[in-house]
Each structure stands twice: as structure tokens, then as C-alpha cells.
């Protein structure tokens, strides 16, 4: 196997007119891979910001109010959409990196670690400068589908059967009732709290106001409120415990 | 210009437009590559020649994909390894013992302290060959690259396209498995 093989190969190359594949084909493949990596990293960054915003704004203390186990509450509450998208973007960028010319030199774990550190820094900066809030509002204003799919407090306050209703006041019917459009676009007639509690309603009932309501559905699209709060209100644990106790006492006295 | 005096990278540049320059690359590497194929596989001389032809045609077609920052020989071994693995997969039914000669084995055993301890087995060539043959391919190939082809870590990384940690693990595990097999073979022969 000496010079014979080179002669054989050269003859084949010349006879079959074999040519080296054009450089632009390799270059465009490389460019495509790097575009994919950059794009998925940027998207992962944006999803991280939305994830941070959601986690920051979830009403964790509602756990006290709902009769779910901690695990079930966590599974229901966690922003699955953002978590799934984040994993998908990270995996795509990781696999694309492995396809780069020197991608094989680094372990998956190492690359993943580097990306997670970068996202952690993005998270810290976002927290400090409020980028997550800005991005959320920009999406809310300009991307209609985002409003429907956005997890977090909107989804938490979309459980009328569990006693949680959120949305925007669309019309004040009387001193005792108003109409509210929930996050699925359904309109509810809300009956104001029956109790003589000055802290039951702490928000001005005016059209356009976004509110959180705790109560119970009494009829189809009719909701009896027990607490009406501004959207910015965050239920604290102590308040929830008192509310649950009062509810219990009220139910017991009704039974007696 | 004397093509023979050119280094690999310059030869690659020349070969892109002039297939005759490619002949120098073939002549320089067909020996080492054919030995490498022989060591990691069980192919006969004629099969190795066919694989080599395919390898060099592939290399010629991919000349524009070569990154000069990489050692040319590592890139060549990488293509050769992949082509050999493809052939091994196609010819699974014809598995026999790998073809290492006594020089290869001596080289392997003298270059590592762990393996040196088992040196007396060098005389029992058949047993050593069978122990190496029994190793899974991934361990066998890194041991051959490290101890017989005498490649450094970075070269092995580029040939098998695996990260450093994986290469180190494969070498260590392969060595341990080989020592274990040799010890076992020593016990059974007593």
C-alpha cells in the first residue's frame, strides 16, 4: 500500500471530477448554528425575566386559603409555560453549541453551567433594574396572546370555584353590585360583601380598576364577594389565617 | 515549488486547486492511517485499503471544512476513525480479533506504569491481544490512541470528539479494565 493508493485515488478524483465542497456551504452552516445559539440564548434570557416577574408576583400565601397540599399548590402555581420554554431554549442552544466546530471540546455540564451562571446574572440585574416588570408590561400591552397564556397571579385569580376571582371592573351597577370581566373574558356580576366589615373592601369600585376578590360563586356568573382588593394587594399569611378563621366561625354559626 | 517541502496546512491549500498536491498528503499519511485502522479494527489488508480510499476521497471533498487551528493529522484521524466505525457497523457479523503486533503491545505496556506491572504477560502475546480485543471499542480506541499512536490529550479530544473529562475517564477505565482482564487471565493460566 504505497504510492499505488495515491495513484488510484487521484485517478478517481480526476475521472469522477471530484471537487472539494465549496467553503461557503460550511460557512453558512456555521453561521446558521451561531444564529440559532444567539437567538435561543436571547429568548432564554427573555423567558427568564418573565419567569422572575411571575415568581415575584405569585401570591404564595393563598396556600392558606386553598385546601390543597403544599405539593399540589406548588404544581398548580408554578409557571409551567415559562419553565418549559426556558428548558426548550436552553436545550436547543446547548445542542446547537455541540454542533459547532469546537463544541465537542466542552462537556454538556460545563456549557450548561456557564449558561445558567449567565442567566443568573441576567436575573440579578433584572431584579435590580426592574427589567422583568418592564418586559411584562410591554408584552401585556403589545402581545394579546401573552395576556391569555401568562401564568402567575392572573391564573391564580382565575379559580372562582375555589373562591378566587380577579379581573377588571367594567360597570358599576349599584352600591351593592358591579360587573367584572375576568382574565378569560367572561363577565361576572359581583355582589359586594354582606358583612359589616370596613376592611372588606379597600379599593374604589370604579370602571377600569383591576381587582382581586375572595368569595364564592352563588349562581352562574354571579359571585358573592367577601374581600375586594386592589390588584396590587398581596395577601399576607396572617391576614389569610384571620380570614379563614372568620369564614369558619361564620359557617359554624350558620349551621347552628 | 517543491511540494514535498510544504507543511500540511500549505499542502491543504495547494490541494484545493491541484489534486496532484493531494498525492503528497496521501503518501505521507496512508501508512500511519492504515496502521491505525488495523489497530482499532479487525479488517484485512484489502478492506483497510478500501476504507483508506474512502477516507482520502472524503478528506479531499471536505478540504474546505478543515480548520487550520486544528492539527491536520488530528482532523485526518477523526475522519478515518468515523469511516472505520461505519465499516465496523456494516460488517458486524465478521468480528474477529484486532490486529496488534508485538511491537504495538510492547509500546503500550512500556508507556504506562499501571500496565508495566503486567509486563511479564508481554510474552503471552495472544492473551494480551485477546484482552485488548475484549475491551469495548470506546476504551480500546483511546488506549490505542494514547499508548500506541502516542497522541496527547488534545489530539485524542479532536480525534474522538469528546471533552477532556470524558477522554480522561475512558483512558483510566480502559486501563483498569485491561489490568483486571490480564490479572484474571494470569490466574486462569496458572
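None of the figures in this text is laboratory data; all of them are computed from the coordinates on show. Note that the structure is a prediction, hence the values are computed from the model and not measured. Cβ: placed from backbone, ideal geometry, glycine included. Neighbour counts: every protein chain shown.
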Exposure proxy ranking, count of Cβ atoms within 10 Å, fewest first, for A:48, A:100, B:188, A:27 | B:188, A:27, A:100, A:48
Highest-first arrangement of A:154-160, A:113-119, B:103-109, where packing means the average Cβ count within 10 Å | A:154-160, B:103-109, A:113-119
With everything on Cα atoms, drop me the angle between helix A:3-15 and the longest principal axis of chain A, reported from 0 to 90° to the nearest 10.
-> 70
Distance between Cα centroids, region A:1-40 to region B:2-30: provide it in whole Å.
-> 15
Computed over chain B, the distribution of all Cα-Cα distances in 5 Å bins, rounded to whole %, is 1, 7, 16, 18, 18, 15, 11, 7, 4, 2, 1, 0, 0
Computed Kirkwood radius, in angstrom, where 1/r is averaged over Cα pairs of region B:3-94 = 13.6
Rounded to the nearest 500, the 222 nm mean residue ellipticity computed for chain A from DSSP H runs (n ≥ 4, each -39500 (n - 2.57)) alone is -17500 deg cm²/dmol
By the Kirkwood definition, with r running over pairs of different Cα atoms, the protein assembly as shown has a hydrodynamic radius in Å of 28.4
Can you tell me the order of B:150-157, A:123-130 when each peptide is scored by its average per-residue count of other Cβ atoms within 10 angstrom, highest first?
-> B:150-157, A:123-130
Neighbouring partner chain Cβ atoms per residue of B:55-62, average, 10 Å criterion | 4
For chain A, rounded, prolate or oblate, judged on the Cα gyration tensor with a ≥ b ≥ c (square roots of eigenvalues), a/c < 1.5 rounded, else prolate if a/b > b/c?
-> prolate
In degrees, nearest 10, the alpha-carbon axis of helix A:237-255 is tilted away from the dominant principal axis of the alpha carbons of chain A by 50
May I ask for the distance between the Cα centers of region A:66-124 and region B:144-190, given as a whole number of Å?
-> 34
Taking region B:3-94 and dividing mean pair separation by its residue count, relative contact order in percent (alpha carbons under 8 Å, at least six apart) = 28
Pop out the Kirkwood hydrodynamic radius of region A:157-255 from its pairwise C-alpha distances, inverse of mean 1/r, in Å to one decimal.
-> 13.6
When you count, for each residue, the other Cβ atoms within 10 Å and take the mean per peptide, how do A:223-235, B:27-39 rank with the highest first?
-> B:27-39, A:223-235
Ignore the peptide's own chain and count Cβ atoms of other chains within 10 Å of each Cβ in A:98-104; give me the average, rounded.
-> 3
For peptide A:9-20, compute the average count of partner chain beta-carbon atoms within 10 Å of each residue's beta-carbon.
-> 5
Any chance you could give the angle, 0 to 90 degrees and rounded to 10, that helix A:108-129 forms with the longest Cα principal axis of chain A?
-> 40
When the helix-only estimate is applied to chain B (DSSP H runs of n ≥ 4, each -39,500 (n - 2.57), divided by the residue count), what is the mean residue ellipticity at 222 nm, nearest 500 deg cm²/dmol?
-> -22000 deg cm²/dmol
Starting from the eigenvalues of the Cα gyration tensor, five times each then square-rooted, give me the equivalent ellipsoid semi-axes of region A:6-98, largest first, whole Å.
-> 54, 14, 6
In Å and from the alpha-carbon atoms only, list the Rg and Dmax of region A:23-149.
-> 17.9, 65
